[in-house]
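One structure is given below, encoded as structure tokens.
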Amino acid sequence: MNLHKELPLVVIVGPTASGKTSLAIEIAEKYGGEIICADSRSIYKGTDIGTAKPSEQDRLRVPHWGLDLVEPGDYFSAVDFKTYANNKIKEIKSRGNIPFIVGGTGLYVDSVVFDYQFGKKADIIFREKLEALTLEQLHEYCKNNNITLPENQKNKRYVIRAIEQNGLNVSKLDCPIEDTIIIGLLVDRELLRSRIDTRAEQLFDDGVVDEAKVLGEMYGWDNEAMKGNIYPLAHSYLLGDISYEELKAKFKILDWRLAKRQMSWLKRNPYIKWLSVNEARKFLLNQLAKRS
């Protein structure tokens, strides 16, 4: 697609199971777009089912970036994502295509949209002190110091990083970078919960427990990719600590809590235009048609 004006950056955010990916694929396919996934869980190789990555068919329809970037044992920060995403945005625009950032990891999105400057690396001595604390103590520290818990608040390393980032006084722009369209998908509470439950059932039908077993045996259970999402619960099931029905029920609750944390983060951004999926589709089609 050739645009007369500068190619925009389209950002579509919302909680898990809100329909972000489907909408992005539909619009990107029509207007020559490429998708950068802003999901802190999908960056890990092999976690295809558990993180509900776009299907191969979807990736054939529209190029997807930001998936399978690191091995499950590797660390990948918001700093890493910002660098990666900015490079991809330049590459996509150089091809005359529109970059779409799509995802629910608010820090990833904001790092690009507000051009975060993360400052110096973590203080090693301070980190050692934090690592000596229990997860409950770290949560209490965050509460006492008004620090927002990360999406994966049961992951000790992520909580420590959130504390460290808070202490760095990260600088950022007061408004989004130029020529950025930011859409947030509004979904009725009960409908969203129903979608989460339906998608959870699909993950189990697709064999997420078998995937977890393979990853656990290959990489061990004590790494970044295996500490969040479905995998710790699958581990408990494989150990015989919980039943299959308990596994499914607990995962649905976990994903619902994730959706609520995602919305809490996203709602802080006053520049997001919140729309239903149908409204968002019309709005984006209109905006991009003007630029063609």
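The values are calculated or read from the model by the stated rules, or taken from the named source; none is laboratory data. For clarity, every value in this text was computed on a predicted model and none was experimentally measured. Here Cβ is always computed from backbone atoms with ideal geometry, including for glycine, and neighbour counts include all displayed protein chains.
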Here the residues within the stretch 206-263 that are surrounded by 18 or more Cβ atoms within 10 Å (Cβ to Cβ), closer than 26 Å to residue 14 by Cα and of a type in the set (Asp, Glu) are 224, 255
Within the stretch 120-151, residues over 19 Å from residue 223 (Cβ atoms), among the acidic types (Asp, Glu) and either at pLDDT 85 or above or part of a helix (DSSP H, G or I) (or both) come out as 128, 136, 140
Residue 189 passes all but one of (1) crowded, with 19+ Cβ neighbours inside 10 Å; (2) free of Cβ contacts under 8 Å to residues at least 12 places away in the same chain; which number fails? (1)
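Per-residue answers, yes or no, for (1) out of contact with any helix residue (DSSP H, G or I) (no Cβ under 7 Å at 6 or more places or on another chain); (2) closer than 29 Å to residue 287 by Cα; (3) surrounded by fewer than 21 Cβ atoms within 10 Å (Cβ to Cβ):
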position: 20; (1), (2), (3): yes, yes, no
position: 23; (1), (2), (3): no, yes, no
position: 38; (1), (2), (3): no, yes, no
position: 46; (1), (2), (3): no, no, yes
position: 60; (1), (2), (3): yes, yes, yes
position: 70; (1), (2), (3): yes, no, yes
position: 92; (1), (2), (3): yes, yes, no
Go through (1) modelled with pLDDT under 95; (2) surrounded by fewer than 19 Cβ atoms within 10 Å (Cβ to Cβ) one by one and return the number of the condition residue 51 breaks. (2)
Just a yes or no: is a residue in the stretch 152-163 farther than 20 Å from residue 19 by Cβ, part of a helix (DSSP H, G or I) and of a type in the set (Gly, Ala, Ser)? yes
Looking at the stretch 144-165, I want the residues that are farther than 20 Å from residue 110 by Cβ and basic (Lys, Arg) and have a partner that is part of a loop (DSSP other than H, G, I, E, B) and at pLDDT below 85 with Cβ atoms under 6 Å, at least 6 apart or on another chain. Which pairs are those? none
Determine if the stretch 228-247 includes at least one residue that is free of Cβ contacts under 8 Å to residues at least 60 places away in the same chain, under 25 Å from residue 33 (Cα atoms) and either of a type in the set (S, T, N, Q) or in contact with a Lys or Arg (Cβ under 6 Å, 6 or more places away or on another chain) (or both). no
When residues of the stretch 172-186 are limited to those that are touching an Asp or Glu at 6+ places or on another chain (Cβ under 7 Å) and touching a residue at least 60 places away in the same chain (Cβ under 8 Å), the one surrounded by the fewest Cβ atoms within 10 Å (Cβ to Cβ): 179
